[in-house]
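What follows is a short report on a single structure.
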Amino acid sequence: MKKVIDHLLLFFQKFKHCIITFIFFVVISLINQYYSSQFNIKEYLNLKMLFFSFFWVSLILIYVIYSNPKYSRFVILILEIILAIITVANYFFINYFGTFFSWKDLFLSSEGVAYVDSIFPLINFKIIMIFFILIALITINFVNFPTEKIHFGKTFKIITVCFISIIVFIYGMIIYNNHSNNKVFNSWNSIETFKNDAFFYNEWTNVNLLVKKYGIYEYLFHDLYVLLFKKDNVIDSYNYVKEKLKNYNTTSKTNDYTGIFTNKNLIFVMMEGFDDWLITEKSTPTIYSMMKNGISFNNHYSLVYVTGKTSQSEFIANTGIYQNINSLSAHYAYVNNSYPFSLANLFKSKGYAVNSFHVNNGSIYNRGAMMKSLGYDNYYNLLHMKISSEEKVFDKNLALKGYDLMVSKKPFMNFIITLSGHTPYSYTKKECQSNLDEIKKIFPNETREQYLCGYTQASETDLMFKVLLEKLENDDLLNDTVIIAFADHPNNVHLFKDETLNLNKTVMFIYNPEIKPLVVNNITNTINILPMINNLFELNSDYYMAGYDPLSFDESYLIMPDFTLYQDSKYETLTKYYLDKILMSKNILISNYYK
């Protein structure tokens with residue numbers, strides 16, 4: 001017995017760095033699977049995920065065993081630090097965006113850093129413990145790495161080669177099987193597709209499902225491969241769109257609201273982080289009144305298809321097609337595309353002056369370039385509007401100082417992106433302090449900082465509308481101007497304990513003094529905005545639109561980012577009719593079809 005114990009101790013002493021490395025990578029896998037499935041054992045113990053995790057950990061351990069520790073200790077240290085950072089980041093990604101980190105998100109890192117304090121409210125004991133456990137394992141492993149290379153006999157090396165050959169062969173067969181079973185472009189059956197992992201793997205959609213099915217290591221490796229090496233087939237995409245358009249009816253569907261705003265001006269407003277609970281008669285009186293006396297959409301949702309919630313919403317609203325799900329933001333990936341079907345270009349073809357307004361400079365979300373691609377004559381930022389950096393957080397300055405650039409002698413269409421509602425909701429922010437005392441009087445029983453600041457910052461956006469309406473009325477332009485406003489995404493204050501976690505319920509409304517009040521109860525999404533505006537202003541677009549006009553009252557559904565359909569208060573798997581809307585949008589972007 002003593003000999004056995006001695007041999008075990010000797011083995012441990014010789015290979016303790018391998019054992020600690022193994023423990024670290026297993027812990028990383030477990031933590032990320034916990035994020036993915038809340039540690040559902042049945043979901044966790046699936047063979048594909050277990051094999052892929054085993055495969056990547058095995059390769060790493062073989063490298064550790066056979067490499068020179070003089071160099072490998074630092075390679076493993078760097079790898080462990082990167083994985084620890086990603087694992088901690090995934091906690092915030094899941095709780096803030098509802099999805100895992102992707103390498104493409106690095107393109108948006110500059111935008112994210114500007115609002116990093118938004119994640120502070122999410123910090124709790126759980127993530128602190130995860131952080132310290134990972135740091136401890138990394139430190140212990142680095143300290144216990146040997147200083148000399150371990151030497152093995154010929155037999156052990158042969159066994160290692162055979163082992164590597166077997167797992168690489170199995171890995172290759174699974175990947176090949178995924179490619180051969182991806183029949184989404186040839187046929188589509190909702191039940192088969194729901195079970196068809198190959199579709200999600202090859203199209204690289206539904207990030208959360210990919211992590212759950214394949215494990216964090218295969219996900220990170222393949223995600224990097226997709227970003228760096230996977231090239232879209234432009235010819236296939238072009239032919240796909242061309243074939244589909246043969247059966248697409250470009251004749252605009254008419255309804256009772258067709259052309260009611262023809263030749264009127266449009267002020268199109270995307271409201272930052274505007275949840276429906278923020279609107280009250282006392283805290284946002286102008287918006288409340290506009291919704292009560294205009295067209296209000298009671299079931300409007302702002303779904304998130306890619307990271308960069310704001311940029312993807314403005315893209316979808318302006319183009320009427322879906323973002324390429326789980327891809328790089330269109331503001332970067334497709335900024336050089338031609339968009340003759342965009343709102344700006346449709347209005348421009350009718351003789352309108354078209355401009356966009358936001359206080360941030362054009363480098364944020366690459367807007368300076370993207371707004372030009374979308375057809376806007378100008379992208380006016382704080383410098384053009386002569387707004388100081390201290391003033392830019394107050395939305396009312398968009399109306400006070402940008403108004404003269406918005407109006408013109410010919411009909412105008414302006415796209416305004418607000419800022420005041422942006423997270424975090426903190427007393428340290430000027431836009432929270434501006435009207436805080438009044439908000440506390442309105443909500444005397446509310447003591448939570450995030451809620452009070454949420455209401456206060458929303459009131460700043462409300463002031464913008466108030467100023468805008470007053471100026472339009474003074475210039476006798478109010479009756480001839482339509483205001484259509486929508487939210488880019490929920491504000492996340494209480495979203496993740498709310499029933500709207502997956503749905504992202506927000507706000508949309510239309511206001512003009514001459515229209516009759518109307519409450520629309522059927523479902524609307526950002527994708528429905530362009531078809532609706534097209535009909536209201538009778539732009540008569542002959543281009544493909546993925547959404548429907550909600551004022552026709554004949555459709556009511558959401559195509560969810562995880563490829564499910566939300567309809568009649570329940571979730572279903574997509575059928576071919578709905579999937580085609582996603583694939584048409586994707587292939588229009590890939591092929592730059594209209595150019």
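Along the charge dipole of the range 243-591, Cβ charges K/R +1 and D/E -1, which of A333, Y365, L558 sits furthest on the positive end?
The residue sitting most towards the positive pole is A333.
Cα-based Rg (one decimal) and Dmax (whole number) for the range 243-591, in Å?
19.2, 61
Let me know the charge dipole size of the range 243-591 about its Cα centre in debye, to the nearest 20, where only the beta-carbon of Lys, Arg (+1) and Asp, Glu (-1) is charged.
It works out to roughly 660 debye.
Relative contact order of the chain, please, whole-number percent, based on alpha carbon pairs below 8 angstrom and at least 6 residues apart.
Once normalised by length, the contact order is 20 percent.
Just want the answer: with Cβ charges of +1 for Lys and Arg and -1 for Asp and Glu, which residue in C432, F145, G320 is farthest toward the dipole's positive end in the chain?
Farthest towards the positive end: F145.
Using a 7 Å offset from the Cα along the Cα-to-Cβ direction at both E572 and F131, what is the distance between the two label points in nm, to one decimal?
4.6 nm
Placing +1 at every Lys and Arg Cβ and -1 at every Asp and Glu Cβ, with all other atoms neutral, what dipole size does the chain have around its Cα centre, in debye to the nearest 20?
Computed charge dipole of the chain: roughly 2300 debye.
Along the charge dipole of the chain, pointing to its positive end and built from +1/-1 on Cβ of Lys, Arg, Asp and Glu, which listed residue (V467, T254, L106) has its Cα farthest out?
It is L106, whose Cα lies furthest towards the positive end.
Kindly provide log₁₀ I(q)/I(0) values, in the same order as q = 0.20, 0.22, 0.27 Å⁻¹, from the Debye equation applied to equal alpha-carbon scatterers of the range 368-433.
Each listed q maps to, in turn, -0.89, -1.01, -1.25.
How much net charge surrounds N239 when only the other residues with a Cβ under 14 Å from the Cβ of N239 are counted, with Lys and Arg +1 and Asp and Glu -1?
Neighbour charge sum, excluding N239 itself: +1.
How many angstrom lie between the C-alpha centres of the range 427-456 and the range 523-543?
37 Å
Using packing as a proxy for protection, rank 578-587, 67-76 so that the peptide with the highest average count of other Cβ atoms within 10 Å comes first.
578-587, 67-76
Using the Cβ atoms and a cut-off under 15 Å, what net charge is assigned to the surroundings of M508, where Lys and Arg are +1 and Asp and Glu are -1?
-4
Which three extents, in whole angstrom, do the alpha-carbon atoms of the range 128-176 cover along their principal axes, largest first?
Dimensions of the range 128-176 along the principal axes of its Cα atoms: 40, 34, 9 Å.
Could you calculate the contour length gain from E438 to L61, that is, 0.36 nm times the residue separation minus the distance between their Cα atoms, to one decimal place in nm?
Difference between extended and current length: 129.6 nm.
Show that you can apply the helix-only estimate: for the chain, add -39,500 (n - 2.57) for every DSSP H stretch of four or more residues, divide by all residues, and state [θ] at 222 nm to the nearest 500.
-16000 deg cm²/dmol
Could you please report the charge total around P285, scoring K, R as +1 and D, E as -1 over all other residues with beta-carbon less than 12 angstrom from its beta-carbon?
In short, 0.
Do any cysteines in the chain lack another Cys Cβ under 4.7 Å, and if so which?
Taking the Cβ cut-off of 4.7 Å, the unpaired cysteines of the chain are C18, C162.
List residues of the range 577-595, by number, whose backbone nitrogen lies under 20 Å from a label position 7 Å along Cα→C-beta of K253.
577-585
If the viscosity is 0.890 mPa s and the temperature 25 °C, what Stokes-Einstein diffusion coefficient in µm²/s follows for the chain when Rh is the Kirkwood radius over Cα pairs?
Roughly 93 µm²/s, to the nearest whole number.
Rule-based calculations on the coordinates, nothing more; no lab input. Since the model is a prediction, treat every value here as computed from it, not as a measurement. Counting neighbours? That spans all protein chains shown, and the Cβs are built from the backbone with ideal geometry, glycine included.
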